[in-house]
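The values are calculated or read from the model by the stated rules, or taken from the named source; none is laboratory data. Quick caveat, the model's predicted, so the values are computed rather than measured. Don't worry about glycine lacking a Cβ; one is built from the backbone with ideal geometry, like all the others, and counts go over all protein chains shown. All accessible areas refer to the heavy atoms of the entire protein, side chains included, with ligands and DNA or RNA removed. Shrake-Rupley method; radii C 1.70, N 1.55, O 1.52, S 1.80 Å.
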Amino acid sequence: MSELRTRFAPSPTGYLHIGGLRTALYSYLYAKKMNGKFILRIEDTDQGRYVDGAVEIIYRTLRETGIMYDEGPDVGGDYGPYIQSERKNEYLFYAEKLVESGHAYYCFCSEERLASLPDINGARRYDKHCLNLSKEEIAERLARGDKYVIRQNMPVTGNSTYHDVVYGDITIENSELEDQILIKSDGMPTYNFANVIDDHLMGINCVMRGIEYLSSTPKYNLLYDAFGWERPVYIHMPPIMKDAQHKLSKRNGDASYEDLIKKGFLKDAIINYIALLGWSPKDDSEKMSFAELQRKFDVSGINKSPSIFDPMKLAWLNSLYIKEMPPESFAEYAKPWLETCYLKDFDKRLVCKLIQSRIETFAEIEDKLRFLVEFGDIDDGLYVNQKQKADAALAKNILPKIKDKLYVLKNWDNQNLFDTLVELSAELDCKKGAVLWIARVALTGLAVTPGGASEIAEILGKEETLRRIDCAIMQLNA
Ligand code: GLU
């Protein structure tokens, strides 16, 4: 085969959803693997579904994630235009060629007639009524300016077969194929027609897309055959499900790339996770950088079975990526989330250190750090820790001693604070875990916090730490 050319052909209908991004990713990875080209084509002929700004989201997302196209509307290339509406004039020419060769025909049927066709399981199938209009009648009606569409003339007998790289040989009875519309009454092509013309004219020889197109592909192949064009290689991808019954769907508002970013997922984790939705590498590894994906991706690893979008697994992968961020990058990325916490003068570097290894998404930051700014009543029951032999009575006894020790502490850092509390536990002859537990509860009023007493005290600073301990003592004595 000549140079491999794959494409991503999104319709600009809003945010780039997960299924679309996966198509783009696989098409990119495969093209790169084969030293081929990856092309972006915007399919905007369905003006009714067009959403302003959606094209920019597509460009931005692909750039941001590194799924960079070799040719496309905003980068150019030898096969342009790369926006379907700008190719409008091509389609009628090719449809008329099909009419000449008998593979398509003009249809003048009115809405009323179409609506009166028998309804078979919710679909009214066109009955080839206009196929046999005489040449004269067609010429006359066209000259008169009657509204028309152009339909594909499907064979009524035999069957059509093609090979899909993932799903194997696909055969369909030709009698099941409806005479689909190729050119609409407004002169615009349907997706079903435009995708074939565009793919051919743009030299696309490998079409990768979602499984929803598996059963339409025989119709496209008949078009390739009618023109005498070589069919592309087909690689259909398994569906992405929300759960066992429901497909993940952008129309139902399911996650888009931008939503996930807003929810605090990192782009590398999102791409890594999306790569695994329908594909696995030979070595079964799960965490893979973009460079590793490029090395490992192979179409033979694409699965047939549906994959379920599992937010927990994505969160787990995200936490791995968060952990390995250099502290400066973490701090930079965390900034907008930290801003929503109103952290006053707390040392942001220490705060970041506290949470970097303890969050799965950035969106958790606000919840996890609320205790730094909100401090109130402490439930006595929180002091109870059976394993450490701690309870409210012990707290009442030792909190004043903790306070005295900390009051005189010179170097207010985590290590010193920790050593001081441990030292105190030895002096008091109680478990070090008990002292640390009681101190942490007194400082936060919470059973679970990111980090231990000494880390938290370091962030709160001496004054606030002593103030909180005082409050806790007062409450215990009330
Ligand atoms: N515009 C179609 C979509 O967004 C593209 C399908 C294809 O890849 O051919 O679903």
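Points worth noting:
- Subset of region 334-352 that is without any contact (Cβ under 8 Å) to a residue 60 or more places away in the chain and part of a helix (DSSP H, G or I) - its residue that is nearest to residue 269 (Cα to Cα): 334
- Residues located in region 395-414, provided they are modelled with pLDDT of 95 or more, open to solvent by 40 Å² or more (accessible area, probe 1.4 Å) and out of contact with any Lys or Arg (no Cβ under 7 Å at 6 or more places or on another chain): 396, 397, 400, 401, 403, 404, 405, 407, 408, 411, 413, 414
- Flag for residue 148 being of a type in the set (Phe, Trp, Tyr) and closer than 30 Å to residue 208 by Cα: no
- Inclusion of residue 370 among residues that are in contact with a Gly (Cβ under 9 Å, 6 or more places away or on another chain) and within 30 Å of residue 320 (Cβ to Cβ) is not warranted.
- Scanning region 233-248 for residues that are in contact with a helix residue (DSSP H, G or I) (Cβ under 9 Å, 6 or more places away or on another chain), open to solvent by 30 Å² or more (accessible area, probe 1.4 Å) and either more than 14 Å from the ligand (Cβ to nearest atom) or assigned to a loop (DSSP other than H, G, I, E, B) (or both) yields 242, 246.
- Within region 5-52, the set of residues being within 10 Å of the ligand (Cβ to nearest atom), charged (D, E, K, R) and either assigned to a helix (DSSP H, G or I) or in contact with a Lys or Arg (Cβ under 7 Å, 6 or more places away or on another chain) (or both) comprises 7, 41, 49.
- Any hit, region 458-466, residues being within 21 Å of residue 388 (Cα to Cα) and either open to solvent by less than 50 Å² (accessible area, probe 1.4 Å) or not in a loop (DSSP other than H, G, I, E, B) (or both): no
- Residues being within 29 Å of the chain's Cα centre (by Cα) and exposed (fewer than 14 other Cβ atoms within 10 Å of the Cβ) - total across region 148-202: 2
- Pairs where the first residue, in region 63-76, is open to solvent by 30 Å² or more (accessible area, probe 1.4 Å) and the second is in a strand (DSSP E or B), C-beta under 6 Å, 6+ apart: 70/37; 70/38; 73/42; 73/83
- Residue check, residue 199 over 21 Å from residue 39 (Cα atoms) and out of contact with any Gly (no Cβ under 9 Å at 6 or more places or on another chain): no
- Of the residues contained in region 379-400, one or more are found to be within 21 Å of residue 466 (Cα to Cα), part of a helix (DSSP H, G or I) and among the polar types (S, T, N, Q).
- Residue count for region 359-373, restricted to those that are farther than 15 Å from residue 448 by Cβ and either open to solvent by 10 Å² or more (accessible area, probe 1.4 Å) or at pLDDT below 95 (or both): 4
- Hits in region 97-122 - residues which are in contact (Cβ under 8 Å) with a residue 24 or more places away in the chain and loosely packed, with under 13 Cβ neighbours inside 10 Å: 101, 102
- Residue 228 more than 11 Å from the chain's Cα centre (by Cα), open to solvent by 60 Å² or more (accessible area, probe 1.4 Å) and on the phi > 0 side of the Ramachandran plot: yes
- Residue 277 meets the conditions (1) in contact (Cβ under 8 Å) with a residue 60 or more places away in the chain; (2) under 23 Å from residue 159 (Cα atoms); (3) buried (at least 21 other Cβ atoms within 10 Å of the Cβ) in every case but one. The failed one is (2).
- Residue 264 falls short on exactly one of the conditions (1) without any contact (Cβ under 8 Å) to a residue 40 or more places away in the chain; (2) of a type outside the set (A, V, I, L, M); (3) part of a loop (DSSP other than H, G, I, E, B), and that condition is (1).
- Top-ranked residue of region 318-333 - restricted to ones that are hydrophobic (A, V, I, L, M, F, W, C) and touching a helix residue (DSSP H, G or I) at 6+ places or on another chain (Cβ under 6 Å), ranked as farthest from residue 269 (Cα to Cα): 331
- The residues in region 191-232 that are more than 11 Å from the ligand (Cβ to nearest atom) and either basic (Lys, Arg) or not in a helix (DSSP H, G or I) (or both) can be counted, and the count is 11.
- Of the residues 73, 81, the single one that is more than 28 Å from residue 260 (Cα to Cα) and within 16 Å of the ligand (Cβ to nearest atom) is 81.
- Test: residue in region 368-378 that is in a helix (DSSP H, G or I), within 19 Å of the chain's Cα centre (by Cα) and touching a residue at least 60 places away in the same chain (Cβ under 8 Å): no
- Region 428-451 - residue that is more than 13 Å from residue 394 (Cβ to Cβ) and in contact (Cβ under 8 Å) with a residue 24 or more places away in the chain and, of those, farthest from the chain's Cα centre (by Cα): 443
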